[in-house]
1. For residue 212, what is the net charge nearby, where nearby means another residue's Cβ is under 10 Å from its Cβ and Lys, Arg count +1, Asp, Glu -1?
2. What does the convex hull of the Cα atoms of region 105-156 come to per residue, in Å³, rounded to a whole number?
3. Using the 10 angstrom Cβ neighbour count as an exposure proxy, how do 115, 261 rank, fewest first?
4. Count charges around residue 188 for me, please; just the other residues with Cβ under 9 Å from its Cβ, Lys/Arg as +1, Asp/Glu as -1.
5. Under a 5 Å amide H to amide H cut-off, with H placed in plane at 1.01 Å, what residues pair with residue 238 once short-range neighbours are removed?
6. For region 104-139 and region 165-243, write down the distance between their C-alpha centroids in whole Å.
7. Based only on other Cβ atoms within 10 Å, what is the fewest-to-most ordering of 280, 114?
Amino acid sequence: MSTSPPTSARRADVPSPFAADRLPDGRRRYGHRAVVARRTLLAGVVLTGTGAGVGWSRWGGDRAAAGTDPAGSPASSPASPPAAPAEPAAAGAAAPSTTDAASPWVVVNKKHPIDPADYAPAELATVGGEEVAAVVSPDLTALLGAARADGVDLRITSGYRSREHQRAVHERAVRRDGLAAAESVSARPGHSEHQTGLAVDFGSGTEPGCGLRGCFQDTTEGRWLAQRAGAFGFLLRYPAGLTEVTGYAYEPWHYRWVGRDLVEQVAQRRAATLEEFFGIAGGTEYT
Ligand SMILES: [Zn+2]
């Protein structure tokens, strides 16, 4: 059951609430409003296809608000990195790799296959009935526990998928939906985040029919997740209206564990995608 308002009723035009005061020592001081906004951003609500486009300077509310994939839109090609990609701060240590499939910061998309192609996580753990990379287990377990404590029946429908499993998933989707439609949501083998064990598809226990469907965003579980996932190190990986960047349609059920530190940094940079944050090419075309 969903008691959510229609998508169109969600707030739009919230004026740049992210601003933080710069303290003399360079630290930022966030006011209450900024904290709330950042918390919202962390949760991915702003990014989850509300079309709100809350004052994005670059990926622009216009793009999201249009609710379409502006193929061929000029000057904003996702292939061109943002003007100032983030320099991730890793608290004095070297930043985790974005190419090592075992790294929590790895970026896998249609331009960047998993390397090696037959990669599998060294250690898997079973959480909520599905396997994930062991490193994800503590946060995912905590997330499920928090949902349960809130009376939210969050399920996990898919975690780690081997290359061969992904091949079967992709082939089934192509048979069912045709190549173009299938590839808007299903990766070719060797290109799926699920093969890293760091991606999780969530489902709704109260509305199982919304599994892997857009209506998941309006389920009690989908809404809870959009609010809280960031606090457990998960990012909404395929926000609405950014197919040309991520290569995928809006998937309100697909979250990617990157760890809380990167969630925080992405929020601070107001980045909507990992591609934008790191300045890494993405898009719908396979290399
Ligand atoms: Zn997924």
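1. Neighbour charge sum, excluding residue 212 itself: -1.
2. 106 Å³
3. 115, 261
4. +1
5. Placed amide hydrogens put 251 under 5 Å from residue 238.
6. 15 Å
7. Starting with the residue having the fewest Cβ neighbours, the order is 280, 114.
Each value in this text was obtained by applying a stated rule to the coordinates, not by laboratory testing. What you see is a predicted model; the values in this text were computed from it and never measured. Positions of Cβ are backbone-derived with ideal geometry, glycine not excepted, and every protein chain shown enters the neighbour counts.
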